[in-house]
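First up is the structure itself, then whatever we jot down about it.
The values are calculated or read from the model by the stated rules, or taken from the named source; none is laboratory data. Keep in mind the model is a prediction, meaning the values are calculated, not measured. Virtual Cβ from ideal backbone geometry, glycine too; neighbours counted across all protein chains shown.
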Amino acid sequence: MPAARHQIEKGVVLHKLIIPLCVGAVCLLAASLSGCSEIIPGLNVRLGDSGHTYKVVRDDNGEDYKVVNTEAGANYRIVPITADVLREAYKTPADSEEVSLPSLLPSTVPPEYRIGPGDIIYTTVWDHPELTSPVTTAVNDTTVPGVQGRLISADGTMFYPYVGAFTAGGMTAGELRAFLTEKIARVITNPQLDVRVVAFRAGRVEVTGEVAKPGTINLDDTPKGVLQAIGLSGGLTPAASRRRAVLLRDGKAYPVDLAGLLSGNMPVPNTALIAGDVLHIPDQTGDEVFVLGAVAKQAPVPILQDSMPLIRALTDSGGLDSTRANQAGVLVFRMHRGSDGIEATVYTLDLSHPDGILLASQFPLHPRDVVYVQATALAQYNSVILQLLPTITSVFDVQELIHLAN
């Protein structure tokens, strides 16, 4: 019995300690919920923690916005999404100072291909088979040109009977034909000679990243741009970015607007490739928008090709949680570098009104934006209560134990 009495006494002490704690937790929750709307009504992402100082600034339209300066030096500007904000978002950006690389058009007439190291040349001299390049014999005894032609060496030279070794690198097929015709005319009267490149190996471009067949493609006598390189590499993988690519040339990286090339909504030049280029197709990691808060599915949502409106990101996340979401509290956090360091804009939107739905259907998201749907005060209250229930249940069990002991 002393042991049982000891347990009962412990239960009484526990009862006296836990009940005030539970009550205090609920009161603290209510106080925190009432104070979360100081910056943005209903916002449960705290911007007003200790150590932050606030100031109010006025924009060009005369409207006030609250700004919080954190110890990290980041400035947060609160901007309600309006029709004026949409017009600003869709303004055509100023001309970039980036270097414009030569582009490829269907009407472009390519320059004549110049022979280079690794190429294989096929020559034909009529009535003189001994001077004609070797051929392979197919199964049906039909002779066709083979890769046993004459190889251009690494130093650009090749060997030809009655001519010897000479530099063919840098010549066009026409120039090489004229050169050989002149040389063998000393031993053959009125030679009829033809020259063709049957294997193009001199100009190589590396295609890496999210393509079906990453590797090397060879440039030939037909012009090739970014689109042709992607096609020759088997196309994009499902994980590939549809918005951007990177072209490495002479040690410099040039951005490629893949969205404009693929969608056609914003026609952009198809950058022409040259030997030594490296084309990299990244994955969708850098194109994602992160949707958090009171939505059916919290997850990153990739922006495919052109752009993604806010309503699309919410839809792809299963929509707002009907039991928890506060329709008046949809936020978009956007980071950018400013003159004073890292800055951020917090766009706010009220989806409880029809005009909010219309604005959400047009507001464009940027990669790395964070969309946050805040929960209602009741949902936050219920969440904390669910966390306290195990403790409250334990207190109830202790009370039952005391009641039975008495």
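General remarks:
- Residue list for region 302-351, filter: among the basic types (Lys, Arg) and either under 20 Å from the mean Cα position of the chain (by Cα) or within 27 Å of Leu258 (Cα to Cα) (or both): Arg312, Arg334, Arg337
- Region 249-279, subset assigned to a loop (DSSP other than H, G, I, E, B) and touching a Lys or Arg at 6+ places or on another chain (Cβ under 9 Å), residue surrounded by the most Cβ atoms within 10 Å (Cβ to Cβ): Leu273
- Odd one out for Ser317, checked against (1) closer than 24 Å to Pro214 by Cα; (2) among the polar types (S, T, N, Q); (3) in contact (Cβ under 8 Å) with a residue 12 or more places away in the chain: (1)
- Which numbered condition Val197 misses (of (1) in contact with an Asp or Glu (Cβ under 7 Å, 6 or more places away or on another chain); (2) within 19 Å of Thr132 (Cα to Cα); (3) part of a loop (DSSP other than H, G, I, E, B); (4) β-branched (Val, Ile, Thr)): (3)
- Top-ranked residue in region 189-211 [being in contact with a Leu (Cβ under 7 Å, 6 or more places away or on another chain) and among the hydrophobic types (A, V, I, L, M, F, W, C); ranked as surrounded by the fewest Cβ atoms within 10 Å (Cβ to Cβ)]: Phe200
- Restricting region 150-203 to residues that are more than 47 Å from the chain's Cα centre (by Cα) and of a type in the set (Asp, Glu), the residue that is farthest from Gly215 (Cα to Cα): Glu182
Results for (1) assigned by TED's automatic domain parsing to the domain that holds Arg324; (2) over 14 Å from the mean Cα position of the chain (by Cα), shown as yes or no for each residue.
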position: Pro255; (1), (2): no, no
position: Ala259; (1), (2): no, no
position: Ser263; (1), (2): no, yes
position: Pro269; (1), (2): no, yes
position: Ala272; (1), (2): no, yes
position: Ala275; (1), (2): no, yes
position: Val278; (1), (2): no, yes
position: Leu292; (1), (2): yes, yes
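- Just one of the listed residues (Leu248, Leu232, Leu236, Leu279) is within 22 Å of Pro300 (Cβ to Cβ) and of a type outside the set (Val, Ile, Thr), namely Leu236.
- In region 280-295, the residues that are touching a Gly at 6+ places or on another chain (Cβ under 8 Å), within 18 Å of Ser241 (Cα to Cα) and part of a strand (DSSP E or B): His280, Ile281, Asp283
- Residues located in region 204-228, provided they are under 28 Å from the mean Cα position of the chain (by Cα), at pLDDT 90 or above and part of a loop (DSSP other than H, G, I, E, B): Glu210, Ala212, Lys213, Pro214, Lys224
- Only one entry in Ala240, Ala272 is under 12 Å from Val207 (Cβ atoms) and touching a residue at least 12 places away in the same chain (Cβ under 8 Å), namely Ala240.
- Output for region 144-186, where each listed residue is assigned to a strand (DSSP E or B) and either closer than 21 Å to Asp221 by Cα or of a type in the set (Val, Ile, Thr) (or both): Val144, Pro145, Arg150, Leu151, Thr157, Met158, Thr167, Thr172
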